[in-house]
1. If I compute solvent accessible area with a 1.4 Å probe over the protein chains, what percent of it on the chain is carbon and sulfur?
2. In a solvent-free Debye calculation with one equal scatterer on each Cα, what is log10 I(q)/I(0) for the range 83-180 at q = 0.19 Å⁻¹, listed in the order of the q values?
3. Length gain on complete extension for the stretch LEU11 to SER135, per 0.36 nm per residue less the alpha carbon to alpha carbon distance?
4. List every residue whose amide H lies under 5 Å from the amide H of MET45, counting only residues 5 or more places away in sequence or on a different chain, with H placed 1.01 Å from N in the peptide plane.
5. How long, wide and thick is the range 85-138, going by the Cα atoms along their three principal axes, in whole angstroms, largest first?
6. List the residues, sorted by chain then number, that are 5 or more residues from MET77 or on another chain and whose placed amide H is less than 5 Å from its amide H.
7. With springs only between Cα atoms under 10 Å, which of PHE144, PHE20, PHE115 fluctuates most in a Gaussian network model of the chain?
8. Name the aspartates and glutamates eligible as straight-distance cross-link partners of LYS156: C-alpha to C-alpha under 15 Å, and not fewer than 8 places from it in the same chain.
Amino acid sequence: HDDGGHLVVFLDEFDSVKEFPDARDFLNLLRELVYHPDQVPMAVMAVARRPIDRIEIAAAGISSFAGVCDTMYLRPMGYEQIEAMAARAPDLPDGAVDVAWKYAAGHPLLSEVAFRRMLEYQTTDIGRVIQPELSSYYKRLERFMRGEELWEPLLKLASGPGNMVHVEHASLVRGYGLID
């Protein structure tokens, strides 16, 4: 603080705060630090699967930190962004971007998996080798959505108009970037 610097703190897997025995105290401390930047000039970036207000309620029965945080959801990447990702790996076979788009539809992690398999096998014919990883990812996603009580709303939204979905659930599902 004395040298004019700012502290930047990254809290990856912030969801795990709900497992802390002192979660309430920890979240209150973070809130105080954010509310009083003159004492400790800092920026905090929390990376989580869930919105911060839901994490706070699950962890400590409070939601006072969420009101001061900006929230950004990682959305699927566009085709141009997948091209830029592929450009960082000049050894990819021809057609790699189209294959990654086919299997991952812009999902950053799944696109990376597709590129990694194409590099490993030196071919774009990766359907059989990538299928177990895709299935595993989507099973974990289903477990997560069920745990958040968002699986049924996702299915209803995906099946088209005419299905009634609670506004908050619809907003959360759309926020996760799983459906447009």
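1. That fraction is 53 percent.
2. -0.89
3. So the chain would gain 41.8 nm between LEU11 and SER135.
4. Counting only residues 5 or more places away or on other chains, the set is VAL9, PHE10, LEU11.
5. Largest to smallest, the principal-axis extents are 29, 19, 14 Å.
6. Excluding prolines and chain starts, which carry no amide H, the hits are HIS107.
7. Greatest mean-square fluctuation among the candidates belongs to PHE20.
8. GLU142, GLU168, ASP180
The values are calculated or read from the model by the stated rules, or taken from the named source; none is laboratory data. Nothing here was measured: the structure is a model prediction, and the numbers come from that model. A quick note on method: Cβ atoms are made from the backbone with ideal geometry, for glycine too, and the neighbour counts reach across all protein chains shown. These accessible areas exclude ligands, DNA and RNA; they are computed on the full protein's heavy atoms, side chains included. Shrake-Rupley method; radii C 1.70, N 1.55, O 1.52, S 1.80 Å.
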